[in-house]
Amino acid sequence: MNDYNATDVELLKEKISRLMAALEDVNFECQRLEIINSNLDFQLKEATRELNQNIAVLQALEEENEELKKELQEYKNGI
């Protein structure tokens, strides 16, 4: 024999319905966060690429600066 009455079954159906709606909300939020994460990952890769380019430019300028210092010193010593 079944101890559940119609009211209990209706209450369970309502709870299941609310849980399913909550699950849909969670899935939607998960998808939204995955999109945000993907965008942030792209931005991070782009920023890293730009940073590496800037480092390379700075290193080249540093080398050029050292060469100019040497030339200036040689010029001063030659005077």
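The values are calculated or read from the model by the stated rules, or taken from the named source; none is laboratory data. Keep in mind that what you see is a predicted model, and the values were worked out from it rather than measured. Heads up, the Cβs are rebuilt from the backbone with ideal geometry, glycines too, and the neighbour counts pull from every protein chain shown. Ligands, DNA and RNA are stripped out before the accessible areas are found, and what is left, the full protein with its side chains, is counted by its heavy atoms. Shrake-Rupley method; radii C 1.70, N 1.55, O 1.52, S 1.80 Å.
Given only helices, namely DSSP H runs of n ≥ 4 each adding -39500 (n - 2.57), what is the per-residue ellipticity at 222 nm of the chain, to the nearest 500 deg cm²/dmol?
About -35000 deg cm²/dmol.
Under the Kirkwood approximation for Rh and a Cα-based Rg, what ratio Rg/Rh is obtained for segment 1-74?
Answer for segment 1-74: 1.71.
So, for the chain, what is the accessible surface per residue at a probe of 1.4 Å, expressed in square angstrom?
Value returned for the chain: 98 Å² of accessible area per residue.
Between Asn65 and Glu50, 0.36 nm times their residue separation minus their Cα-Cα distance comes to what?
3.2 nm
Under the 0.36 nm per residue contour assumption, what length would be gained going from the current alpha-carbon distance of Leu58 and Phe28 to full extension?
Residue separation times 0.36 nm, minus the Cα-Cα distance, leaves 6.3 nm.
In the neighborhood of Ala6, defined by Cβ-to-Cβ distances under 13 Å, what is the net charge if each Lys or Arg adds +1 and each Asp or Glu adds -1?
Local net charge: -3.
With every protein chain left in place and a probe of 1.4 Å, what is the accessible surface of Ile36, to the nearest 10 Å²?
70 Å²
What length, rounded to one decimal in nm, is gained on full extension from Ala6 through to Asn37, with 0.36 nm per residue of separation minus their alpha-carbon distance?
Contour length minus Cα-Cα distance gives 6.6 nm.
Given a 1.4 Å probe and every protein chain left where it sits, what share in percent of the accessible area of the chain is carbon and sulfur?
The C+S portion of the solvent-accessible surface of the chain is 58 percent.
Below 12 angstrom from the Cβ of Gln73, what's the summed charge of the other residues (Lys, Arg +1; Asp, Glu -1)?
That works out to -1.
Under a straight-distance cross-link criterion of Cα-Cα below 17 Å, which aspartates and glutamates are reachable from Lys76, leaving out those fewer than 8 residues away in the same chain?
Within the straight-line cut-off, Lys76 pairs with Glu66, Glu67.
Gln53: net charge of surrounding residues, Cβ under 14 Å, Lys/Arg +1, Asp/Glu -1, itself excluded?
Summing Lys and Arg as +1 and Asp and Glu as -1 gives 0.
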